[in-house]
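Reading through the structure tokens given below for one structure.
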Amino acid sequence: MPEAVIVDVVRLASGKGKPGGALSETKPVELLAHVLRSLVERNDIDPAIVDDVIGGCVGQAGEQALNISRTALLSAGFPESVPATTVDRQCGSSQQAAHFAAQGIIAGAYDVVIAAGVESMSRVPMGFSTAGRSPYGPSIEARYPEGLVNQGVSAELVAAKWKFDREALDTFAAQSHQRAAAAAADGFFDREILPIDVVNAAGETFTHKVDETVRASTTAEGLTGLKSSFYNEDLAKRFPEINWHITPGNSSPLTDGASGALIMSDTMASKLGLTPRARFHSFSVAGDDPIFMLTAPIPATHKILQRSGLSIEDIDAYEVNEAFASVPMAWAQEFGADPAKLNPRGGAIALGHALGSSGTRLLGTLVNHLEATGGRYGLQTMCEGAGMANATIIERV
């Protein structure tokens, strides 16, 4: 059985996901095309040998519609013979893309795959893809008669259940910015970030290569003045246990970005003279209560640890997506995880959460951290809309 190995994994520096953000004047297909083109150029491979491109994207509408992964590879100059598909597992879309790619290689269906992701939240805003229509029918309404809630309310429910106060959430958020800023200052992100030439609203060309969402000066004290993002009088009556601690400061920001990983069989890597950086060790995917929504990383982690035969103590670093501070905090409390190993280079609160791109962004940061520290095993997991999560364990080679 072939092993699936990671030869390279890269990303764009984050852009604020609103008009005026560094990447907001660039179509998302061009962001993803730059990642695809760079992966084959950096590793000096013929793009014709790529068996498939599997891309993640959440807002598959407007400029991100009609299988953006295929459009991006054509934009990148790949041969027309290379196919592509675009998957949606909400925030874990590109992590799922990496799973599909690696599992296809292990099954013998692929030799070389690119798993990638893209999201332009400035050009395709959250909610745009529903076109003002509810995706739910009467069966969902019957099953959840009081109604499902948005992710911000779910983050509040998690904070309430695990008894996180405002100070704890803001302290975690500030630490994310401080860790990310320190990593950037040390040049840690240099290997994973692809510079990209873009044009701003004034028509001026510049090179974007520094995460725009990281605020080095952030402190817990400075976040105390921010108001709750999701308070609603009706929801406050429905959920009296909520204290309404979730703010823009302890949530991930709207973000533009793209990322990708070059994945192949160990045999093909050897044939091409390429050195693998890590191998895929184990996979899991899980569902959970769609009202709490953000708790599925917990059962996904239980499942992957059982399958892998590893314990949480065996893992050298954990990347748990910081959609909201309460999510990785609850995960860490459930597993008694070492806080020093949790998002050690900062997380999405600082580095941004470009939805469909985040999975392979986390993967790249995890690979680089294991290489920098000599760690062996890394675990990645992230909450996903409607109460799901992927988990991945990689092993540095």
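Matching residues to (1) under 20 Å from the mean Cα position of the chain (by Cα); (2) more than 25 Å from Pro195 (Cβ to Cβ); (3) open to solvent by 60 Å² or more (accessible area, probe 1.4 Å):
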| residue | (1), (2), (3) |
| --- | --- |
| Gly17 | yes, no, no |
| Glu25 | no, no, yes |
| Ala61 | yes, yes, no |
| Ala72 | yes, no, no |
| Ala116 | yes, no, no |
| Ser120 | yes, no, no |
Between a first residue in region 95-119 that is aromatic (Phe, Trp, Tyr) and a second residue that is surrounded by fewer than 24 Cβ atoms within 10 Å (Cβ to Cβ), which pairs have beta carbons less than 9 Å apart while being 6 or more apart in sequence or on different chains? Phe100/Asp52; Phe100/Thr85; Phe100/Val87; Tyr110/Asp51; Tyr110/Asp52; Tyr110/Gly104; Tyr110/Ser265
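From the list Val367, Val320, which residue is open to solvent by less than 30 Å² (accessible area, probe 1.4 Å), out of contact with any helix residue (DSSP H, G or I) (no Cβ under 8 Å at 6 or more places or on another chain) and under 30 Å from Asp186 (Cα atoms)?
Values: Val320 fails: out of contact with any helix residue (DSSP H, G or I) (no Cβ under 8 Å at 6 or more places or on another chain).
Answer to the check: Val367.
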Gln333 fails exactly one of (1) surrounded by fewer than 20 Cβ atoms within 10 Å (Cβ to Cβ); (2) under 16 Å from the mean Cα position of the chain (by Cα), namely (2)
Select, from Thr255, Thr267, Thr218, the only residue that is farther than 30 Å from Glu141 by Cα and either under 19 Å from the mean Cα position of the chain (by Cα) or of a type outside the set (Val, Ile, Thr) (or both). Thr255
State all residues of region 27-49 that are within 22 Å of the chain's Cα centre (by Cα) and not β-branched (Val, Ile, Thr); if no residue qualifies, say none. Lys27, Pro28, Glu30, Leu31, Leu32, Ala33, His34, Leu36, Arg37, Ser38, Leu39
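Matching residues to (1) over 22 Å from Thr86 (Cα atoms); (2) at pLDDT 95 or above; (3) out of contact with any helix residue (DSSP H, G or I) (no Cβ under 7 Å at 6 or more places or on another chain); (4) part of a helix (DSSP H, G or I):
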position: Ala22; (1), (2), (3), (4): yes, yes, yes, no
position: Ala33; (1), (2), (3), (4): no, yes, no, yes
position: Glu41; (1), (2), (3), (4): yes, yes, yes, yes
position: Ile45; (1), (2), (3), (4): yes, yes, no, no
position: Ala48; (1), (2), (3), (4): no, yes, yes, yes
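Given the structure, is Gly15 in contact with an Asp or Glu (Cβ under 6 Å, 6 or more places away or on another chain) and within 27 Å of Arg277 (Cβ to Cβ)? Walk me through it before giving the result.
Numbers: in contact with an Asp or Glu (Cβ under 6 Å, 6 or more places away or on another chain): yes; within 27 Å of Arg277 (Cβ to Cβ): yes.
Yes; evaluated as a whole, the condition is true for this residue.
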Looking only at region 75-114, how many residues end up being open to solvent by 60 Å² or more (accessible area, probe 1.4 Å) and part of a helix (DSSP H, G or I)? 2
Pairs where the first residue, in region 278-290, is within 23 Å of Ile394 (Cβ to Cβ) and open to solvent by less than 10 Å² (accessible area, probe 1.4 Å) and the second is assigned to a strand (DSSP E or B) and among the acidic types (Asp, Glu), C-beta under 7 Å, 6+ apart: Ala278/Glu395
What pairs come up if the first residue lies in region 383-397 and is at positive phi, the second is buried (at least 24 other Cβ atoms within 10 Å of the Cβ) and hydroxyl-bearing (Ser, Thr, Tyr), and their beta carbons are under 9 Å apart, counting only those six or more places apart or on different chains? Gly387/Ser154; Gly387/Thr295
When the residues of region 27-57 are narrowed to those that are under 18 Å from Leu362 (Cα atoms) and in contact with a Phe, Trp or Tyr (Cβ under 8 Å, 6 or more places away or on another chain), which ends up surrounded by the most Cβ atoms within 10 Å (Cβ to Cβ)? Leu36
Quick one: would you say Ala386 is open to solvent by 10 Å² or more (accessible area, probe 1.4 Å), at pLDDT 95 or above and in a loop (DSSP other than H, G, I, E, B)? yes
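The values are calculated or read from the model by the stated rules, or taken from the named source; none is laboratory data. Keep in mind it's a predicted model, so treat the numbers as computed, not measured. Reconstructed Cβ throughout: ideal geometry from the backbone, glycine too, with neighbour counts over all protein chains shown. Just so you know, the surface numbers come from the protein's heavy atoms only, side chains and all, with ligands and any DNA or RNA stripped out. Shrake-Rupley method; radii C 1.70, N 1.55, O 1.52, S 1.80 Å.
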